[in-house]
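The values are calculated or read from the model by the stated rules, or taken from the named source; none is laboratory data. Predicted, not measured: the structure shown is a model, and the values here were computed from it. Note that each Cβ is placed from the backbone with ideal geometry, even for glycine, and that neighbours are counted across all protein chains shown.
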Amino acid sequence: MTEAPHDRPDGNGRSDGSDRPRGSDHRDGLNGLTGLDDIAWSSLEHAYGDAADVPAHLRALYRPDEAVAAADDLLTKVHHQGGCVFSSAVAALPFVVRAAADPAVTARQDLLELVGCLAHEGNRAEPRWVAPGWAEAWDLAVTALLPLLHDPAPEVRSGTAETLAAARERADEVLAALWTRWPLETVPVVRHRIVEAAGELAEHADREQAGTVRRLWELTEPGAYPGERLRAVEALRTVAPDGDDPRYARVVADVLNGGDLGGRSVAGAVALLGDDRAGRAALIAPLLRNADAAVRRGALEAAAGEMSRWRSAVPALLPSVAGLLDDPEPDNRLFAVRVLGMCGAAARPWVDRLAGLVDDDGEPYPPVRDHALWALSRIGDPRCAEPLARHLAGERQGFSYFEVHSPSWWTHELGLRQTLAPLAAHADVLLPPLQARLEAVGSVDEARALRQVLTDWGPVAAPAVPGLRRLLRTDAAVWAADALAAIGPEAAAAGDRARLRALIDAPPRGQTFAPRSLSLAYGRLTGDWEPALALFLPRLGEPYGNENSAIVLGELGAAGAPYVDRLRPLLREHATGWLPLRTGEALWRITGRADEVVPALVGAIEPFVRSDVTPAVVLAVRLLGEIGPAAAPAVPALRAFLDTDERPVGHGTWRSVPEDDELCEAARTALRAIQGAAG
């Protein structure tokens, strides 16, 4: 990055993209733009190239109607997504701070946010990604920001405190200024920001650290405001991150029982107990019975978060969650049903109660009824089949054609596939209305979702073959072919070989992925793998896409022997992910040799025995089970998946428990296959 040449004369080399004479801005010399034209902006960088346009944005900060947009433009270009500090940020910082300090500027809070973002990156980015001169520019900015702690505007005081939390090199000075402001400050949100900043700075302080810790403990006392008490606990945990002081739990419990959380969420407050799992569960359970519906909702989210991370939290909290199936607030009932469904078989004790919620007589709120059907499906209770068949036959399905995976506890509409996929055993009830929908399908999205269900069901979906064959002549042909291939021999006997072959060369318009997918389905249905080999083999050995080529070669079985020497180098090209899985599977299916693939497969799952399990890991576990006794080296890793309390999958979403259940079932099945009944 290029250092900002603050003292370089501009001469005739102005690079700010403006044709206005220097000094013509209506506030030049009276505001913070002095010196703006003395910088060679075009020699500096931001996220989109050279910074010649930055001066125009800085000037616009002083135009009331343009200031907010200009601040947003600066955030987008000069900060962008973080990870570095651009040279343009070094040069722009003094002007941004001056504008933030000007009472006439209408985007002061936005500018303080920008400064805070830049300061945060300056602290965390690798030195090679921080432009020269940043430390000096930030030090000068801190000096200019300190007086703003006493600005008349509360939002400016709040933003200033939040921004100064990044002033680690001057932690003692900033802490002293924060505590000087403290007795004068009356606005709760500003006081909250001061406490939060004190917590972030205290660990970097010397002379002010002890006094700050003492003040923070004082703020946890019952006489302080609830929001300050919780933030003081959070700040103390930042100063001493390795300690779980028993006083934390008492403070949090006291605040939660009082009902006023000072703007914090129940889940956020509970999280302040750190590693005290028993303490968190003990807090959440009574909150689920709180008189305030909003507190109960917060407790439901906190309970879901605990169960998404810790297996032991399910028996501890699920009974209390089930108590909210009768909550007077419909959305709380919805959330409780969703949590029970998330927990699958563990919710079996409440299966009769869930079954009573699937019709109008048992539950007036339609989304609760829909979620109850999904919960029964997850548990494996057959009482969901008939109501789901009625849903499929009616105008209102209650399920979306897409699955939403969000990192939150949003109770979005459930996906049709995730509801029906586990119900292959009830195909006799569900297939007739599903086939009727296939015949009257109204969109490609609907067609795709219905065919994905049939693909998951496999051979039991054979009665749907005629409808699927007709759909080979629509834009949904790709998914129809997948379903036919999954159904197997009965679908293969039904013909349409010529149509499938023609589709590979002339797929539906706009579906660039279709030829590869269709060639796989064609090979599985006909045994003719030449089209797939023609599409996939040229990619074998390329940087990306090798795993798909390996899938095709694995389908060949022993006939893939001519390609073994090309596959073997790929087995260890990547230690984890799809490539070792697909390559290992292909080699094993071609050669039957477990000795060369098991070490690679074990190496591909071992890094995930504690966290971050991916779909490739689960499939690798299943493959190890298919290999059987020769996969004995995998036993320690497989047992590790089962022996941990913390789920080794992503936490904090509706998918966490189902994904962990899938992993555990795969691991148990593999252990039985490898070790026999003793596994």
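Observations on the model:
- Candidates are the residues of region 161-190 that are more than 33 Å from the chain's Cα centre (by Cα) and among the polar types (S, T, N, Q); the one that is farthest from PRO147 (Cα to Cα) is THR186.
- Among the residues of this structure, VAL602 counts as one that is in contact with a Leu (Cβ under 9 Å, 6 or more places away or on another chain) and at pLDDT 95 or above.
- Scanning region 346-378 for residues that are β-branched (Val, Ile, Thr) and modelled with pLDDT of 95 or more returns VAL351, VAL368.
Let's see how each residue does on (1) at pLDDT below 95; (2) over 24 Å from VAL617 (Cβ atoms); (3) of a type in the set (Ser, Thr, Tyr):
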{"position": "PRO538", "(1), (2), (3)": "yes, yes, no"}
{"position": "GLY545", "(1), (2), (3)": "yes, no, no"}
{"position": "SER549", "(1), (2), (3)": "yes, no, yes"}
{"position": "ALA558", "(1), (2), (3)": "no, yes, no"}
{"position": "VAL564", "(1), (2), (3)": "no, yes, no"}
{"position": "THR576", "(1), (2), (3)": "yes, no, yes"}
{"position": "LEU579", "(1), (2), (3)": "yes, no, no"}
{"position": "LEU587", "(1), (2), (3)": "no, no, no"}
{"position": "ILE590", "(1), (2), (3)": "no, no, no"}
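- Filtered residues of region 272-288 (kept if of a type in the set (A, V, I, L, M) and part of a loop (DSSP other than H, G, I, E, B)): LEU272, LEU273, LEU288
- Some residue of region 194-201 being assigned to a loop (DSSP other than H, G, I, E, B), without any contact (Cβ under 8 Å) to a residue 40 or more places away in the chain and either among the hydrophobic types (A, V, I, L, M, F, W, C) or more than 30 Å from ALA67 (Cβ to Cβ) (or both): no
- Residue pairs whose Cβ atoms lie under 7 Å apart, separated by 6 or more positions or on different chains, with the first residue in region 575-592 and free of Cβ contacts under 8 Å to residues at least 60 places away in the same chain and under 12 Å from ILE551 (Cα atoms) and the second of a type in the set (A, V, I, L, M, F, W, C) and part of a loop (DSSP other than H, G, I, E, B), are GLY584/VAL597; LEU587/VAL597; TRP588/ALA594; TRP588/VAL597.
- Selection status of ARG469, assigned to a loop (DSSP other than H, G, I, E, B), touching a residue at least 12 places away in the same chain (Cβ under 8 Å) and surrounded by fewer than 20 Cβ atoms within 10 Å (Cβ to Cβ): no
- Within region 229-271, considering residues that are assigned to a loop (DSSP other than H, G, I, E, B) and of a type in the set (Gly, Ala, Ser), the one surrounded by the fewest Cβ atoms within 10 Å (Cβ to Cβ): GLY243
- Checking each residue in region 473-492 for being among the aliphatic types (A, V, I, L, M) and surrounded by 19 or more Cβ atoms within 10 Å (Cβ to Cβ) picks out ALA476, ALA477, VAL478, ALA480, ALA481, ALA483, LEU484, ALA485, ALA486, ILE487, ALA491.
- Annotation note: Cβ proximity below 9 Å between a residue of region 335-346 that is over 14 Å from ARG296 (Cβ atoms) and a residue that is modelled with pLDDT under 95 and small (Gly, Ala, Ser) (sequence gap 6+ or interchain) occurs for GLY344/GLY380; ALA345/GLY380.
- Total residues in region 49-73, condition of a type in the set (Gly, Ala, Ser) and outside any helix (DSSP H, G or I): 3
To keep it simple, each residue is scored yes or no on (1) of a type in the set (A, V, I, L, M, F, W, C); (2) surrounded by fewer than 17 Cβ atoms within 10 Å (Cβ to Cβ); (3) on the phi > 0 side of the Ramachandran plot; (4) touching a Lys or Arg at 6+ places or on another chain (Cβ under 9 Å).
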residue: ALA299; (1), (2), (3), (4): yes, no, no, yes
residue: ALA316; (1), (2), (3), (4): yes, no, no, yes
residue: ASP326; (1), (2), (3), (4): no, yes, no, yes
residue: PRO330; (1), (2), (3), (4): no, yes, no, no
residue: LEU334; (1), (2), (3), (4): yes, no, no, no
residue: GLY341; (1), (2), (3), (4): no, no, no, yes
residue: GLY356; (1), (2), (3), (4): no, yes, no, no
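- Pick from region 386-417, criterion touching a Lys or Arg at 6+ places or on another chain (Cβ under 7 Å) and modelled with pLDDT under 85, ranking: surrounded by the most Cβ atoms within 10 Å (Cβ to Cβ): GLU403
- Elements of type helices (runs of 4 or more DSSP H) contained in region 324-407, each with 3 or more residues being of a type in the set (D, E, K, R): 330-342, 366-379
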